[in-house]
Amino acid sequence: MARIRTIKPEFWHDKRVASWPYFTRLLFIGLWSAADDFGRGSAEPARIAAELFPYDLSRDPRETLARVSEALATLSDEGRIVVYEVEDETYFEVANWEKHQRVDKPGKSKIPSVSDGFARPSRDSRESVARLSRLEQGTGNREMEEQEAIASSTEIAADAATPRTCPDDGSPVVMEFPCSGNPKTWALRQDRIDRWQEAFPAVDVRAELLKARTWLEDRPRNRKTAAGMPRFLGSWMGRSQDRSGSSAPATAPQLTTAQRIEAMLARIPDDAS
């Protein structure tokens, strides 16, 4: 349920906010409306997209969910929201909520606070792009085959784009990317390139990596942290796969837009806040 919130004039003159993509700024404002009276809400991208961007979700569910996931990760990196888990549910809490929003007679929150002691940090906002990037791939004719195909394809992409330390298996460092924060560079190993090539078969992964590195070198303010680089590059590969128009085997049937949305929203618990 959307709520009336306040947007201070200073928001539009914040230089850091101005460095974000337009969609991230819009989502941040949207989260204020989606949040309860204590600045908390569900951090499930499908739920956020359904509430804030229903028409975009209907037209292009894959791109909309990817944008929401990317924006959530940016807001988390910037310290504007905290994404956390309590009992396997993922939530967000807007930082400095009481400083910026005055709520008369706030109701009782159904969502535990990140400061209650039960919360743990979540990577859901970073993993969602990967989980959803292959949702449109073909599946079998029966319901069980459809679920197995979606699970298999999303696991491959999630494995490719989830931030983590590469295993020390002797895989050579192929390329380094400029990062924000410390360390200043992120090393890309061959094993991760191999996983990306498997996850995005229509993409020339090495060529796209060179493009991405050049893009980051030319835009210092848009550089990611070392922890955020796998997510950023995984999302880059997903968009390249989309542009190729070859995201699914030719023999596999495609889900309709309505079926895709239904499949995504079916994963949201009925009693989720």
(Q) Give me the residue from segment 92-109 that is in contact with a strand residue (DSSP E or B) (Cβ under 9 Å, 6 or more places away or on another chain) and touching a residue at least 60 places away in the same chain (Cβ under 8 Å) and, out of that set, surrounded by the most Cβ atoms within 10 Å (Cβ to Cβ). (A) PHE92
**Q.** Residues of segment 196-226 satisfying the condition of being surrounded by 17 or more Cβ atoms within 10 Å (Cβ to Cβ) and part of a helix (DSSP H, G or I)
**A.** TRP196, ALA199, VAL205, GLU208, LEU209, ALA212, LEU216
Q. Restricting the first residue to segment 24-51 and requiring it to be more than 15 Å from SER76 (Cα to Cα), which pairs with a second residue that is of a type outside the set (A, V, I, L, M) and assigned to a loop (DSSP other than H, G, I, E, B) meet a Cβ separation below 6 Å and a spacing of at least six or different chains?
A. SER33/ARG3; SER33/ARG5; ASP36/SER109; ASP37/PRO106; ASP37/GLY107; PHE38/SER109
Q: Would you mind stating whether TYR55 is hydroxyl-bearing (Ser, Thr, Tyr) and not in a helix (DSSP H, G or I)?
A: no
(Q) Please count how many residues of segment 1-49 are in contact with a Leu (Cβ under 6 Å, 6 or more places away or on another chain) and in a loop (DSSP other than H, G, I, E, B). (A) 0
(Q) Would you confirm, using the coordinates I've provided, whether PRO112 is touching a strand residue (DSSP E or B) at 6+ places or on another chain (Cβ under 7 Å), in a loop (DSSP other than H, G, I, E, B) and not polar (S, T, N, Q)? (A) yes
Q: Six or more apart or on different chains, Cβ under 6 Å: which pairs go from a residue in segment 227-239 that's under 17 Å from SER180 (Cβ atoms) and buried (at least 24 other Cβ atoms within 10 Å of the Cβ) to one that's modelled with pLDDT of 85 or more and β-branched (Val, Ile, Thr)? Could you list them?
A: none
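The values are calculated or read from the model by the stated rules, or taken from the named source; none is laboratory data. Here the structure is a predicted model, which means the values were calculated and not measured. Glycine also receives a Cβ, built like all others from the backbone with ideal geometry; neighbour counts cover every protein chain displayed.
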